[in-house]
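Below is one structure; the comments refer to it alone.
The values are calculated or read from the model by the stated rules, or taken from the named source; none is laboratory data. No experiment lies behind these values; they were computed from the predicted model shown. Every residue, glycine among them, receives a Cβ derived from its backbone with ideal geometry; neighbour counts consider all protein chains shown. When the accessible area is computed, the model is the full protein with side chains, heavy atoms only, and any ligands, DNA or RNA have been set aside. Shrake-Rupley method; radii C 1.70, N 1.55, O 1.52, S 1.80 Å.
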Amino acid sequence: MTEIENDKVVGVLNRILEAELAGVVRYTHYSFLVFGFGRIPIVSWLREQANESLLHAQQAGEWITALGAYPSLGIGKLLDTHTFDIATILRESLEAERLALELYRELLGLVEGRSVALEEYARQLIQLEEMHAADVDKMLRKPGQVAATSPGQG
Ligand SMILES: [Fe+2]
């Protein structure tokens, strides 16, 4: 097996860590801004996403130290559009999830055929993040609308 290029892998893992930490802050922030009839299930869904992002951040951080590198203390980009509109919140979340998905794909490209464990990790996260993006896409559809809002991008 060809060895992984440590610096490149750690670089992507640090970007994943920062993106997932931004997810923790973003989902927590949005969870405060949901009002109306749907509040209870939507707030709990957003908090679940915050917890999942934290778990993903922790996994990335553990990988960074496993590779003998120093984890970033930075955080990914956060936009505050001051929106209370659930559809806008979900569209922003979908975009952020797709960026995270791209990072996991980049990681897979770097470790494929070089590290069984890192490859397994990248594939698992790609599967999870794709299903997550698909879920958000479904939430953005009108009832009865089967077609994805932006097909093939998940
Ligand atoms: Fe994630």
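The table below lists the values:
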item: Identity of the residue in the range 107-117, farther than 17 Å from A57 by Cβ and in a helix (DSSP H, G or I), that ends up nearest to the ligand (Cβ to nearest atom); result: L108
item: Residues of the range 1-20 satisfying the condition of being open to solvent by 20 Å² or more (accessible area, probe 1.4 Å) and more than 13 Å from S93 (Cβ to Cβ); result: M1, T2, E3, I4, E5, N6, D7, K8, G11, N14, R15, E18
item: Answer from S115, S53, S93, S44 - the residue that is free of Cβ contacts under 8 Å to residues at least 24 places away in the same chain and hydroxyl-bearing (S, T, Y); result: S44
item: Test for E119: is it under 16 Å from A50 (Cα atoms) and crowded, with 16+ Cβ neighbours inside 10 Å; result: no
item: So L94, is it more than 14 Å from V9 (Cα to Cα) and either within 15 Å of the ligand (Cβ to nearest atom) or among the acidic types (D, E) (or both); result: yes
item: Those residues of the range 21-52 which are within 14 Å of the ligand (Cβ to nearest atom) and open to solvent by 70 Å² or more (accessible area, probe 1.4 Å), in sequence order; result: E48, N51
item: Failed item in (1) over 20 Å from the mean Cα position of the chain (by Cα); (2) exposed (fewer than 12 other Cβ atoms within 10 Å of the Cβ), with T81 passing the rest; result: (1)
item: Enumeration of residues in the range 53-86 that are modelled with pLDDT of 90 or more, assigned to a helix (DSSP H, G or I) and away from the ligand (no atom under 14 Å from the Cβ); result: E62, I64, T65, A66
